[in-house]
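The values are calculated or read from the model by the stated rules, or taken from the named source; none is laboratory data. Note that the structure is predicted; figures quoted are calculated from it, not measured. Every residue, glycine among them, receives a Cβ derived from its backbone with ideal geometry; neighbour counts consider all protein chains shown. These accessible areas exclude ligands, DNA and RNA; they are computed on the full protein's heavy atoms, side chains included. Shrake-Rupley method; radii C 1.70, N 1.55, O 1.52, S 1.80 Å.
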Amino acid sequence: MNLFVIIKAMIIKCDLLIKNGKVVLPNKIENVDIAVKDEKIILIGLNLNVEANEIVDASGKIVVPGAIDAHTHLAMSYKTTFSADDYFTGTRAALCGGTTSIIDYPCQTKGVSIKETLKPRFEMCQKDACADYSFHCAITDFNDGEILNEMDEACENGITSYKGYMVYKKEGMMLSDQMISTLLKRTKEVGAILNLHAENYEMLEERCQKYLKEGKTSPWYHYMSRPESVAAEADKRAIRLATNLKAPLYLVHMSDKEGLEAAIQAKQAGFDIKIETCPHYLEFTNEVYKRVDGINFVCSPPMKNKESQDALWKALNDGYIDTIATDHCPFKKEEKLWGKDDFTKTPNGCAGIENMYPYMLSKANEGKTTFETVVKVCSYNPAKIFGCKNKGSIEIGKDADIVIFDPNKDFVISVKNMHSNYDYTIWEGHKCHGYIDSTYLRGKLVFKDGKFLGKRGSGKFIKRTRYNRG
Ligand code: URP
Ligand code: ZN
Ligand code: ZN
């Protein structure tokens, strides 16, 4: 018997076989079967010679890689409270929405090292995380240069992205342009990438004071204090700072047309500018701040006008948006109401962790974008940009993070059918045309037919590779 015949005759034992689905692969959509063993995808093809412990029939369904939400704020401290979801409820909700990995944003406080900032986060995740996780570290203070010295070792340990805020001065989080330039230089040097929240603090603060003095305190003035121009100025400044140093830059939660166009121009000129936007900017406009529940939509940057929204959709479909992430940071209704007589007192942030993938996939199902685009921006690109080398695609050798999407299962989002720890959602009543049927995390079924089946503490840390060096 020659070798070819022996290999053909060899039946491979595997844990799971997903059959008959339409699979979104890195460069094509194909009807193929997927075999999984020991948490990994081991074979992809038709008529696989395998014997599986479990066979799943995905006929009529679309099979996609698990999403990576590269922008969450779980257990984020704010004044006397915390964002509503901790690492348990947040990652539980993520899995129920087909997101199998998250990259969260712990924030350094003055005088504290990167290691010390992340230590309690690692502890919480080891105990609580149901999905796989990593951290970007937001930097607020250089600690006399210690932070910059620490970055190389932190990268070696898998923390290969950092964040800077151009706002939140009163909270002690804002960086000067000089600090941003230093961070851009240092991240480039060590093989990391800097993520920036771009809004102009001076512009928005002046507007806040003016409106409050005039007795204009409603949520609409949250938008009016941070309109398109406030984001655009900072977007453009951030782009200039990065292109000046030829350093990579990742602009988080892009919301405005002018800033978006500046970023696209920089990309076209060959600079390494990455653009993230969020589902709430694609779905809602500034009109939400006129609603009776407008306060619930208070987040920064706020939703913008229809022109900006249309520009974001166009950029997505033209291939200029690199990633979609949620900026998941909900607060309870009662906490949002802190701002009922003064919009500046409303805790900023909205929910999205369970909604991103169903929303985007259902938009593909409706023809507003394509399944390939959704998989690219929600899974493949975040994995590539942030160095999650075992994630982001259905390929042999990758982690078996697999989502089965049922294009015929309609679903109406309600706080009652979500898996977070909040008491309202901005997505209430939103109709998804198609929904997640099941989610597998490293080959384990963790969500099926509306039920969470995962395990608290079973999420693994994603040790990320350095930027563009993976
Ligand atoms: O409103 C938001 N986005 N809150 C979370 C912090 C941030 O700015 O990303
Ligand atoms: Zn932000
Ligand atoms: Zn954020």
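Here are the numbers for this structure:
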| read-out | value |
| --- | --- |
| Strands (runs of 3 or more DSSP E) (entirely within the range 38-149) containing at least 3 residues that are more than 16 Å from ligand 1 (Cβ to nearest atom) | 40-45, 50-57, 62-65, 99-104, 132-135 |
| Output for the range 323-335, where each listed residue is away from ligand 3 (no atom under 16 Å from the Cβ) and under 20 Å from the mean Cα position of the chain (by Cα) | none |
| Within the range 88-99, considering residues that are under 15 Å from the mean Cα position of the chain (by Cα) and closer than 20 Å to Pro347 by Cβ, the one surrounded by the fewest Cβ atoms within 10 Å (Cβ to Cβ) | Ala93 |
| Identity of the residue in the range 76-87, over 20 Å from Pro358 (Cα atoms) and open to solvent by less than 10 Å² (accessible area, probe 1.4 Å), that ends up nearest to ligand 2 (Cβ to nearest atom) | Ser83 |
| Among residues of the range 150-174, those that are assigned to a loop (DSSP other than H, G, I, E, B), aliphatic (A, V, I, L, M) and more than 21 Å from Gly191 (Cβ to Cβ), counted | 3 |
| Sole residue being within 16 Å of ligand 1 (Cβ to nearest atom) and of a type outside the set (Ser, Thr, Tyr), chosen from Gly215, Gly172, Gly191 | Gly172 |
| Count of the range 341-380 residues which are closer than 15 Å to Gly294 by Cβ and either within 16 Å of ligand 3 (Cβ to nearest atom) or open to solvent by less than 10 Å² (accessible area, probe 1.4 Å) (or both) | 6 |
| Any hit, the range 196-214, residues being open to solvent by less than 40 Å² (accessible area, probe 1.4 Å) and part of a strand (DSSP E or B) | yes |
| Boolean, Trp338 is among the aromatic types (Phe, Trp, Tyr) and open to solvent by 50 Å² or more (accessible area, probe 1.4 Å) | yes |
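One line per residue, one yes/no per condition, for (1) within 16 Å of ligand 1 (Cβ to nearest atom); (2) charged (D, E, K, R):
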| position | (1), (2) |
| --- | --- |
| Phe271 | no, no |
| Leu282 | yes, no |
| Arg291 | no, yes |
| Lys314 | no, yes |
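Quick grid of which residues meet (1) of a type in the set (Phe, Trp, Tyr); (2) more than 16 Å from ligand 2 (Cβ to nearest atom):
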{"site": "Thr346", "(1), (2)": "no, no"}
{"site": "Cys350", "(1), (2)": "no, no"}
{"site": "Tyr359", "(1), (2)": "yes, yes"}
{"site": "Asn365", "(1), (2)": "no, yes"}
{"site": "Lys376", "(1), (2)": "no, yes"}
{"site": "Tyr380", "(1), (2)": "yes, yes"}
{"site": "Ile385", "(1), (2)": "no, yes"}
{"site": "Cys388", "(1), (2)": "no, yes"}
{"site": "Ala400", "(1), (2)": "no, yes"}
